[in-house]
Each structure stands twice: as C-alpha cells, then as structure tokens.
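Each remark here refers to the structure printed beneath this line.
The values are calculated or read from the model by the stated rules, or taken from the named source; none is laboratory data. Owing to the predicted nature of the structure, the values given are computational and were not obtained by experimental measurement. Positions of Cβ are generated from backbone atoms using ideal geometry, with glycine treated the same way; all protein chains shown enter the neighbour counts.
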Amino acid sequence: MKIFYRITCAIVAAAALLLSGCATVASSLKDEAEKGSAEAQYNLGTAYLTGQYVEQDYGQAEQWLRKSAEQGFASAQYNLGEIYENGWGVAQDLGQAAQWYRKAAEQGLASAQYNLGVIYDNGWGVAQDLAQAAQWYRKAAEQGHAKAQNNLDIDYQNGEGVAQDYGQAAFWFRKAAEQGYAGAQDGLGVLYFKGQGVAQDYSQAAEWFRKAAEQGDPVAQDNLGKLYQNGVGVAQDGNQAAYWFNKAAESRNAAAQNNQASGSDGQELLGAFLQGLADGLANRNGGGGQQHRSNNNDHGKPNNNASQQHNDAPKPNNDAPVTPIQPAK
C-alpha cells in the first residue's frame, strides 16, 4: 500500500511540475510576444494552434500569428494561411490562405511554395493556373519537398502547366520515391512498366510497386498482384497474387476487388494483361478526373495518367502542419 501511495504521489508531483513548467513557458512566451517579438508571437500563436503549453484556442492562435505574420515572419505567414484554408476558428477564406501562403513562399518556405502550388492547381481562392502551380511545385521540389516532387512529376507526365516530358517525370518521381513517398514509388513503377522516360524494365517496376505496396498503397498492391498473377517482372505466383489483391481489397480498392472476384489464376494473356494494367493505372482515381491532391497540408496532386490518388495529403496540412515551436530568444 505504501509503495502504491509513493508511486501515486510521484506521478502527481511530476504532473504538477509539468503543468508548472508549461505555465512558465506560456507566460514567458506571452511576455516576449507582447513586447513585439515576431518569433515569440509566432511561438505563442503556434502554441495556441496546437494546444502545446496552453489550452488550444484558434482565436488566440489567429491573433498572435497575424501579429507575427505582419512583421514578415515566414512560418507565421504559412500557419496563418493554414488557418484560413481550413477555417480553424475563422471563416474559411481561400483567398486569404493564398495571400499568406504567397508571402511565405516568396521568402523561400518550401511547404508554403507547395501549398501555393496546390492552390493554383485547384483554383482555390485564385484563378486556376497550372503553369503557376508547376512553377511553385518546382521551387519546393528543388528544396527536397517530396510531395512537391510528386506533383511536379505528375505535371510532366500529363503535360499540365509544362510540356509533357516523361524523362523529367521519371526524374522527379525518383526524387520523391527515394524519400519513401509511396505514391511516387508506384508512379515510378508505372513508368518502368510502360517504358516512359526510362528503359522498360518489368523487374524495376515490380521493385517500386513492392516498396509502395509495403507501405499500404492499395494501387501499388493491386499492380504488384497483377505482376505475380502474370509472371511479369517476378516469378508467376498465384498465392502472392492473391495475397496482394487481398491487401488491396482490404484498402477498399475497387479495381483490386474486381480482380479478386474474377479469380487470380494467373492465366491471362500477357497482351491483355498489359493493357489492363495500363488501364487500371490510368483509372486510379476511380473514374477519371483529377486525383485530389491531398489536403493542403501539404496537399498531393491528382495524377490522371498513372499515378495515384493520394489521400495522404489532404486539405489541412497533414504533412507539414504547424511548424514546431522554437524556444523564444
């Protein structure tokens, strides 16, 4: 009983210390912010936005981030753009979101450049402009932003905002794929499968499909299942085909469910399979149309040709949401 009591007391003491520490940090941030420090205003606004050190309060977040943003603090401008894009504590205003993203993007912030690209790509709060979208994707991509690289390669693959160029598509797909971005890994597999921008290589296609499939990408799982079903790039294996079709079906991939329903005995003619796979990749979006780029939170891009509908980047910035709080100086 005494041991339990001591443990309980220790937990309570630690919690009290933590709360005290949070209150101290919040108080320090507020003092600095009220003195006009743009960095402290940003940190305080971010704290309110995330609920770190203080109770989450979008109204306070908007107020302090705006003060910092108006002083030209790029990360605050970016977070303020997210607030307006998502309607966190304010009326959603995509025009305001675009305005603040642009300010941060012009200062070189990659996540803002990417989000601004998505804004132009979709015509959210601005006139749709695919050339502008590609321009901003490139700026972010050149800084190593994987989702921007993925969107830029899709632009080159489909000729959206840039001249169609499969070589450039392969270049940027590889950049994003090597960072572990599943959609780009699948897209690169498609290029190897079709021999677009790279020498046709079914083994390489299988390798990249596998990388994406192992991350849970249902389209890549379906594509890998088809390769095993037909013995293309891999040894024919009905069990492996069924395994990957099942994985894709579990992810509610309609194409994979159809494959599963029709059986996977691996006896299709190769020519029919190749066409079917190409068609399946092109219809990744479930019926055509743009693949919704993700959420602006590091949105993702619609790949109409053979890429993926990536929902790992939807409208609030999930990939690069709020910049982590930095200690106030």
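Data for the structure
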quantity: The stretch 110-133 - residue that is of a type in the set (A, V, I, L, M, F, W, C) and surrounded by fewer than 24 Cβ atoms within 10 Å (Cβ to Cβ) and, of those, farthest from the chain's Cα centre (by Cα); calculated: 127
quantity: Residue among 97, 69, 61 that alone is within 25 Å of residue 149 (Cα to Cα) and crowded, with 19+ Cβ neighbours inside 10 Å; calculated: 97
quantity: Residue 246 being in contact with a helix residue (DSSP H, G or I) (Cβ under 8 Å, 6 or more places away or on another chain) and without any contact (Cβ under 8 Å) to a residue 60 or more places away in the chain; calculated: yes
quantity: Evaluation of residue 89 against (1) modelled with pLDDT of 95 or more; (2) surrounded by fewer than 22 Cβ atoms within 10 Å (Cβ to Cβ) (one fails), failing number; calculated: (1)
quantity: Any hit, the stretch 159-173, residues being surrounded by fewer than 16 Cβ atoms within 10 Å (Cβ to Cβ), touching a residue at least 24 places away in the same chain (Cβ under 8 Å) and under 19 Å from the mean Cα position of the chain (by Cα); calculated: no
quantity: Listing of helices (runs of 4 or more DSSP H) fully contained in the stretch 37-142 that carry 1 or more residues being in contact with a Leu (Cβ under 9 Å, 6 or more places away or on another chain) and more than 30 Å from residue 174 (Cβ to Cβ); calculated: 38-50, 58-69, 74-86, 94-105
quantity: Which listed residue is under 16 Å from residue 42 (Cβ atoms) and at pLDDT 95 or above, from 82, 106; calculated: 82
quantity: Cβ pairs under 8 Å, 6+ apart, first in the stretch 86-99 and closer than 21 Å to residue 117 by Cα, second aromatic (Phe, Trp, Tyr) and assigned to a loop (DSSP other than H, G, I, E, B); calculated: 94/124; 97/124; 98/124
quantity: Residue count for the stretch 201-222, restricted to those that are farther than 18 Å from residue 170 by Cα and assigned to a helix (DSSP H, G or I); calculated: 5
quantity: Tabulated pairs, the stretch 174-198, first of a type in the set (Lys, Arg), second surrounded by 24 or more Cβ atoms within 10 Å (Cβ to Cβ) and modelled with pLDDT of 95 or more, C-beta under 6 angstrom, 6+ apart or interchain; calculated: 174/188; 175/149
